[in-house]
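The values are calculated or read from the model by the stated rules, or taken from the named source; none is laboratory data. Values in this document were obtained by computation on a predicted structure and should not be read as measured data. Cβ placement follows ideal geometry from the backbone for every residue including glycine, while neighbour counts extend to all protein chains displayed. Note: accessible area is taken over every heavy atom of the protein model, side chains too, but ligands, DNA and RNA are not part of it. Shrake-Rupley method; radii C 1.70, N 1.55, O 1.52, S 1.80 Å.
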Amino acid sequence: MKKRRSIKFAAVDIAECAIFVSLMVVGTYVAIPFWPVPLTFQTVICIFSGLTLGWKKSAVSMAVYMVMGLIGIPVFSGGGAGFAYVLKPTFGYIIGFIAAAAVAGLIRGKNAGAPLKRYLVAAVAAFLVNYAVGIPYFSLMWKIDGNADLGAYILSYNVLYMPKDFALAIVAAMLAWKIVPLISRRRAKLGRRLQKADGSRTD
């Protein structure tokens, strides 16, 4: 009976991961024109996944998204795909999504009812981790390609996005703070239903 319940919960876990993989793909193609840079939503989706799924499932979701692109499915920015994409200066942010999601989940912890402050700290830490991975990778690939004006391009391709992503990280934290306890209660309710159903079968 326990095995049956664990299988059902595993199906729920897979579905939750699939939702965030799908959101990351959608986030690749959704961009709102805005000065000085377009508004995109992959960073906030990544952070939100960590806050809602926890570190393991969110990191798996982001890793699945990355692998999809590397094996040739056009899920990266501009419809990019293939292993050669690792040479793109912005690929570091895709790696950073995995680390950022994991950090958000780890800091939020197992307590779905954690105070808003904890959610905010988790979101901001995840935001910083993504850029801590993305900017050095960008710099390395930019130098390997033999390009000049690294400082100017770090500003235009990286730093200018930070205020927007920081603001969206705060929004993600506030949404997760409201939503995650509801999800936790629904999962607990599902567990009780499955336990009751299993118990009735053994009677």
- So which residues in region 71-97 are open to solvent by 40 Å² or more (accessible area, probe 1.4 Å), farther than 16 Å from Y29 by Cβ and of a type in the set (A, V, I, L, M, F, W, C), if there are any at all? I71, F83, A84, L87, I95
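Taking the condition surrounded by 20 or more Cβ atoms within 10 Å (Cβ to Cβ), in contact with a Leu (Cβ under 7 Å, 6 or more places away or on another chain), touching a residue at least 40 places away in the same chain (Cβ under 8 Å) and not charged (D, E, K, R), does V60 pass?
Numbers: surrounded by 20 or more Cβ atoms within 10 Å (Cβ to Cβ): yes; in contact with a Leu (Cβ under 7 Å, 6 or more places away or on another chain): no; touching a residue at least 40 places away in the same chain (Cβ under 8 Å): yes; not charged (D, E, K, R): yes.
It is false that V60 is surrounded by 20 or more Cβ atoms within 10 Å (Cβ to Cβ), in contact with a Leu (Cβ under 7 Å, 6 or more places away or on another chain), touching a residue at least 40 places away in the same chain (Cβ under 8 Å) and not charged (D, E, K, R).
Pick from G113, G191, G134, G146: which is in a helix (DSSP H, G or I), small (G, A, S) and at pLDDT below 95?
Just a single option satisfies the conditions, and that option is G191.
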- Query: Does G72 fit the bill of being of a type outside the set (A, V, I, L, M) and outside any helix (DSSP H, G or I)?
  - Reply: yes
- Message: Restricting to region 108-139, name every residue that is open to solvent by 70 Å² or more (accessible area, probe 1.4 Å), in contact with a helix residue (DSSP H, G or I) (Cβ under 9 Å, 6 or more places away or on another chain) and within 17 Å of K57 (Cα to Cα).
- Response: N111
